[in-house]
1. For F146 and R115 in the same chain, what is the full-extension length gain: residue separation times 0.36 nm, less their Cα-Cα distance, in nm?
2. Given R₀ = 35 Å, FRET efficiency for V169-A76 by Cβ-Cβ distance, to 0.05?
3. Points 7 angstrom from Cα along the Cβ direction at L5 and A129: gap in nanometres?
4. Sort 20-33, 153-166 by the packing proxy (mean of other Cβ within 10 Å over each peptide's residues), most packed first.
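Nothing in this text is a laboratory measurement; each read-out follows from the coordinates by a stated rule. Just so it is clear, the structure is predicted and the values come from calculations on it, not from any experiment. With ideal geometry, Cβ positions are generated from the backbone for all residues, glycine too; neighbour counts draw on all protein chains shown.
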Amino acid sequence: LGAFLGVSVLVICTPGQDTALTIRSTMLGGRRGGIFTALGVSTGQSIWALAASAGVVAILLASEPVFLALRLAGAAYLVFLGVQSLWAALRPHDERRVIAGLTGSRHLEATKAYRQGVISNLGNPKMAAFFPSLLPQFVPAGDPTFLPLLLLGLLFCSLTFVWLSAYAVVVARAGDLLRRSR
């Protein structure tokens with residue numbers, strides 16, 4: 001368990017797609033938007049953990065066309081989010097709202113932030129390879145059953161949620177500090 005926690009913390013603390021999305025959601029929707037994105041990412045990871053524990057991911061990885069489709073869908077979603085962010089940044093804003101730091105998309109709804117976290121994580125092909133390659137290494141020899149794999153996966157998801165939520169709180173505080181009139 002100690003080795004699993006060490007590897008998990010190292011992987012979780014390394015910034016990546018989920019961290020970038022959490023920062024984006026926090027900047028658009030405040031602390032609440034970031035935390036709901038973190039919850040969505042953790043939900044996506046829970047689905048991957050369940051699928052890996054049940055052996056479904058092994059089937060996905062064995063089917064090259066399906067895995068390629070997953071990779072393309074994940075990339076397309078990231079491009080969509082990027083274009084959406086650029087569009088929001090380039091369109092004219094009400095000057096009073098810009099001065100107050102409240103551009104049109106500042107109040108990102110919690111459900112939208114959650115949905116983006118889930119879709120982003122499920123569309124990340126690295127997650128499909130990550131859980132079935134990481135989890136079995138930490139299950140006691142001779143016990144490759146469903147439950148230990150699932151419990152380790154859910155522990156990883158919980159750690160991810162705590163880390164990304166902390167990130168959201170720090171980013172929201174930094175944003176509040178930077179928006180001060182001084």
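1. Working: separation 31, 0.36 × 31 = 11.16 nm, distance 2.72 nm.
The span from F146 to R115 would gain 8.4 nm if fully extended.
2. With a Förster radius of 35 Å, E is 0.70.
3. It is 2.9 nm.
4. Values: 20-33: 22.2, 153-166: 19.6.
Ranked from most to least packed, the peptides come out as 20-33, 153-166.
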